[in-house]
Every structure is written in structure tokens, then in C-alpha cells.
Amino acid sequence: MITYEITATVQPDLIESYENYMIDRHIPHLMETGCFASATFSRNSGRYRIRYEAHDRDALTRYLKEHAALLRDDFAAHFPIGVELSRDTWDVVTAFFCE
């Protein structure tokens, strides 16, 4: 598994529209690419973490080459200012689950 993680810091006056956009549009469109197995959207006082889990590096590479530019452009059109983003990629070493 590969985790593709985006951290967003959102200006207070944009929080409601940002959350609505991410839940109703951006994350569903990203998941429709078929490149990711799951996603989580978390918040902490104006900061957000979006984690996408890809099955492997090839799936993430396919997303970045074929889909990322279009989705990033749409995001920028909706939030040209007021949202600071950082992106990271993590190799999952192991995962633990409750039975």
C-alpha cells in the first residue's frame, strides 16, 4: 500500500465551502479514477488531512500522470486563495486491524 496524503490549512471564512467541495466533489471525483482503494478526510481546527490509499506505486503513478492535473486545476478554480496545501507520499510498512 502507498499513502498519498494532502494537508490543507484553510482560512476560517472558507471552511464551510472547502468541506462541502471536498466531500461533495473533489474526493468523489478522485476516487472515481480507480487509482485508490480508500480515502479519509479529517480536520483539526482549520487544518485538514486527506489520505488516499493506493494498492501500489503504479496506481499512484497512474493517478499523478493521468488525473492529478485536471483535479488540481478544478481545485484551484474553486479556491484560488485561502488554502495552503502540502503533499506527501508514504510507503505503508505494515497495517494493523482489530478482528
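The values are calculated or read from the model by the stated rules, or taken from the named source; none is laboratory data. In this text the structure is predicted, and so the values were computed from the model without any measurement. Positions of Cβ are backbone-derived with ideal geometry, glycine not excepted, and every protein chain shown enters the neighbour counts.
Results for (1) at pLDDT 95 or above; (2) more than 13 Å from ILE2 (Cβ to Cβ), shown as yes or no for each residue.
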position	(1), (2)
MET31	yes, yes
PHE36	yes, no
THR40	yes, yes
ILE50	yes, yes
HIS55	no, no
ALA68	yes, yes
PHE96	no, yes
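Does at least one position in the stretch 32-49 carry a residue that is surrounded by fewer than 15 Cβ atoms within 10 Å (Cβ to Cβ), outside any strand (DSSP E or B) and not small (Gly, Ala, Ser)? Yes: one or more hits.
Is at least one residue of the stretch 20-42 among the β-branched types (Val, Ile, Thr), more than 22 Å from GLY82 (Cα to Cα) and in contact (Cβ under 8 Å) with a residue 60 or more places away in the chain? Within the stretch 20-42, not a single residue is among the β-branched types (Val, Ile, Thr), more than 22 Å from GLY82 (Cα to Cα) and in contact (Cβ under 8 Å) with a residue 60 or more places away in the chain. With respect to (1) aliphatic (A, V, I, L, M); (2) over 15 Å from the mean Cα position of the chain (by Cα); (3) surrounded by 13 or more Cβ atoms within 10 Å (Cβ to Cβ), the lone exception for ALA77 is condition (3).
Kindly indicate whether TYR63 is in contact (Cβ under 8 Å) with a residue 60 or more places away in the chain, in a helix (DSSP H, G or I) and either surrounded by 14 or more Cβ atoms within 10 Å (Cβ to Cβ) or among the charged types (D, E, K, R) (or both).
Details: in contact (Cβ under 8 Å) with a residue 60 or more places away in the chain: no; in a helix (DSSP H, G or I): yes; either surrounded by 14 or more Cβ atoms within 10 Å (Cβ to Cβ) or among the charged types (D, E, K, R) (or both): yes.
For TYR63, the condition - in contact (Cβ under 8 Å) with a residue 60 or more places away in the chain, in a helix (DSSP H, G or I) and either surrounded by 14 or more Cβ atoms within 10 Å (Cβ to Cβ) or among the charged types (D, E, K, R) (or both) - is not met.
Restricting SER38, SER86, SER42 to residues that are touching a helix residue (DSSP H, G or I) at 6+ places or on another chain (Cβ under 9 Å) and among the polar types (S, T, N, Q) narrows the list to SER38.
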